[in-house]
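The values are calculated or read from the model by the stated rules, or taken from the named source; none is laboratory data. The structure displayed is predicted, hence computed values, not measured ones. Because the Cβ atoms are built from the backbone with ideal geometry, glycine has one as well, and the counts that use them run over all protein chains shown.
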Amino acid sequence: MADAPGGAAAWIADLSGGRLLVWAVLPLALYLAFCLALLLLQRSLLYFPQPRAVVPGVELLRLPLADAAGVLNISTAQRQGSGAVLYFGGNAEDVALTVPSLAAIFPERTIQAVHYRGYGGSGGRPSEAALVADALAVFDQLRARHREVVVIGRSLGSGVAVPLAAQRPVQRLILLTPFASVLRLAAARFPWVPVPLLLRDRFESWRHAGRVDAPTLIVAAGSDEVIPVAEARRLAASFAPGLVRFTLVPDAGHNSPLLEHPALRPLLRGEG
């Protein structure tokens, strides 16, 4: 018996077509959902706030934030000399723990290590614009009392230290396991995603490097599993010729304690 018009065969054909449409649309829907998740969660993938440890000999300085988002906590070791060191750490670093190492390298200088917004009890939430604005404010209050300020940035902190050095008269700039661009790193990690359209905090240090006039030391880790050595080399090439000293530590990884490396200490002090 033949199917009547609009009978079972037509119904099955319609159903099959609907399934095909679903299977065609589903990958696109999943892709768009992934892109949306990256857009909404990107800062949680970039910033990993840490609590502040209580470290013997390390004091706490509180600087009011300009946008009334609370205070910015700064771990410090105070000295009487005219020199100071301003330190910006990595994205999952409690900088209070780094102050003793800095104080050992620079025993005559005041040390200030910034807890980014949301880190170590600091108010507000981290973003590129906020971190750089805070860095400028911290530098200004520090230089009012210490005329010679060495600025150090590690990993994420290099993306704060470079634009700071491009806008302020730092004595020296030291960059540990730095990158030229978070945008480039993110695009390499997610090549199938339109990262330039989604990424808010790009940290394109190479754009600022040409305006830095302070002697600069760049230290790359030969076994860095997070930031390729090529990124540090790209950044070094963005500075004015003759300004950068590039040092590679072959046996070091991204989270290696470079400040404890004996061969680096004279270079960090500016003696090498």
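Exactly one residue among Val162, Val226, Val193, Val182 is under 24 Å from Val99 (Cα atoms) and out of contact with any Pro (no Cβ under 9 Å at 6 or more places or on another chain), and that residue is Val226. Of all residues in the stretch 43-67, how many are polar (S, T, N, Q) and modelled with pLDDT of 95 or more? Of the residues in the stretch 43-67, 1 are polar (S, T, N, Q) and modelled with pLDDT of 95 or more.
Gly70: at positive phi and modelled with pLDDT under 95, yes or no?
Values: at positive phi: yes; modelled with pLDDT under 95: yes.
For Gly70, the condition - at positive phi and modelled with pLDDT under 95 - is met.
Evaluating Leu185 against the criteria (1) surrounded by 12 or more Cβ atoms within 10 Å (Cβ to Cβ); (2) out of contact with any Phe, Trp or Tyr (no Cβ under 9 Å at 6 or more places or on another chain); (3) of a type outside the set (S, T, N, Q); (4) at pLDDT below 95 leaves one unmet condition, (2).
Would you be able to tell me the number of residues in the stretch 210-223 that are buried (at least 20 other Cβ atoms within 10 Å of the Cβ) and in a loop (DSSP other than H, G, I, E, B)?
So in the stretch 210-223, the residues buried (at least 20 other Cβ atoms within 10 Å of the Cβ) come out as 212, 216-221.
Within this subset, residues satisfying the condition of being in a loop (DSSP other than H, G, I, E, B) are 212.
Total satisfying the criteria: 1.
Of the residues making up the stretch 247-272, those that are among the hydrophobic types (A, V, I, L, M, F, W, C) and either crowded, with 17+ Cβ neighbours inside 10 Å or not in a strand (DSSP E or B) (or both) are Val249, Ala252, Leu258, Leu259, Ala263, Leu264, Leu267, Leu268.
Would you pick out the residues in the stretch 192-209 that are outside any helix (DSSP H, G or I) and hydrophobic (A, V, I, L, M, F, W, C)?
Result: Trp192, Val193, Leu199, Phe203.
Here is a check on your reading of the model: is Arg154 modelled with pLDDT under 95 and either out of contact with any strand residue (DSSP E or B) (no Cβ under 6 Å at 6 or more places or on another chain) or closer than 24 Å to Val229 by Cα (or both)?
So Arg154 does not fit the description; no.
Could you tell me which of the residues Phe239, Phe203 is over 15 Å from Ile152 (Cα atoms), in contact (Cβ under 8 Å) with a residue 60 or more places away in the chain, buried (at least 18 other Cβ atoms within 10 Å of the Cβ) and not small (Gly, Ala, Ser)? Steps first, please.
On the way: Phe239 fails: in contact (Cβ under 8 Å) with a residue 60 or more places away in the chain.
Residue meeting the stated conditions: Phe203.
Only residues that are farther than 19 Å from Leu258 by Cβ and either at pLDDT 90 or above or more than 17 Å from the chain's Cα centre (by Cα) (or both) were counted across the stretch 196-222, and they come to 16. For the stretch 59-97, which positions are more than 29 Å from Val182 (Cβ to Cβ) and not in a strand (DSSP E or B)? Answer for the stretch 59-97, where residues must be more than 29 Å from Val182 (Cβ to Cβ) and not in a strand (DSSP E or B): Gln78, Arg79, Gln80, Gly81, Ser82. Restricting Leu142, Leu156 to those that are touching a residue at least 40 places away in the same chain (Cβ under 8 Å) and either more than 17 Å from the chain's Cα centre (by Cα) or outside any helix (DSSP H, G or I) (or both) reduces the list to Leu142.
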